[in-house]
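Here the structure comes first, spelled out in structure tokens, and everything after it is commentary.
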Amino acid sequence: MSDPHAGGERLQKVLSRAGFGSRRVCDDLIAAGRVTVNGEVAVLGRRIDAERDEVAVDGVKGSVRPDLVHYLVNKPAGVVSTNSDPQGRPTVTDLVPSEPRVFSVGRLDLETEGLIVVTNDGDLAFRLTHPSHGVDKAYLVQVQGTPSPAAMRALREGVELDDGRTSPARASLTPPNLIRLVIHEGRNRQIRRMCEAIGHPVVRLARFRIGPVADATLAPGQWRHLLPAEVRALEEAAAGGHRR
């Protein structure tokens, strides 16, 4: 742990850079006792080592290390979500800068399109993918045929799969065959298996939202840096602060 009176950056500067607001706003957060460093309530004038110290606001840990990068990628079909592929297929990390080394947060299967976070922030990645945190992910699903009200009800109430019953989902149908589906689990090929189980195999599948983060302007194959406020929103979502 760093000595609060030793060198380092001022805490409000680090917080501001991490997307918590202006330095004045961050001063107010500190003064209100809402910020902790290594588990201790911070005081105004505190200096920290952003590489080592653990900072939290309202109990939610923040990504404050200056070497962290967070990309939002719109993965096209035909691109794999792993860092390397023995078959030589393009990977999602091929779409972003090669340095620093990063990895995808969770996976979208080969033919699934849409948004995926790519980062070197292992702590946030763990919290976003761990089942206990239940971060919502929203998909558009084109299926074969027109699902009946009973089929849609099954999606909402839970579908029996070979690895157990799925949690209730939010599902709505735009006739004839476009389903908007929101789940918070991350089982392998879950949505495809759910739709097969109700008798309507997937034709096309795209994820358009991860927790509170969406971007309808990002074309397939494109990426951008997540805004500090978006990173913060994901951190809050992983801590249970957002559920939509």
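Coordinate-derived values only; no laboratory data. Quantities reported herein were computed from a predicted structural model and do not represent experimental measurements. For neighbour counting, all protein chains shown are included, and Cβ atoms are generated from backbone atoms with ideal geometry for every residue, glycine included.
Some observations on this one:
- Globularity ratio of the range 71-165, using Cα Rg and 2.2 N^0.38 Å: 1.30
- The coefficient of translational diffusion for the range 76-126, derived via Stokes-Einstein from the alpha carbon Kirkwood radius under 4 °C and 1.567 mPa s, stands at 115 µm²/s.
- For residue 61, the lysines whose Cα comes closer than 18 Å to its Cα, not counting residues fewer than 8 places off in the same chain, are 13.
- Rounded FRET efficiency, nearest 0.05, which uses the C-beta distance separating residue 23 from residue 187 and R0 of 51 Å: 0.75
- Annotation note: GluC sites (Glu not before Pro) in the range 24-121 located in DSSP loop regions with a Cβ neighbour count of at most 15 within 10 Å are 51, 54, 111.
- Across the range 9-61, Cα-Cα distances exceeding 15 Å account for 32% of all pairs.
- Compared with the rule-of-thumb size 2.2 N^0.38 Å for a compact globular protein, the range 156-242 has a Cα radius of gyration ratio of 1.25.
- For the range 40-142, applying the loop criterion from DSSP together with a ceiling of 15 other beta carbons within 10 Å to the trypsin sites (Lys or Arg not before Pro) yields 52, 101.
- Proximal aspartates and glutamates relative to residue 137, as straight alpha-carbon distance under 16 Å, when same-chain residues fewer than 8 apart are discounted: 109, 113, 185, 215, 230, 235, 236
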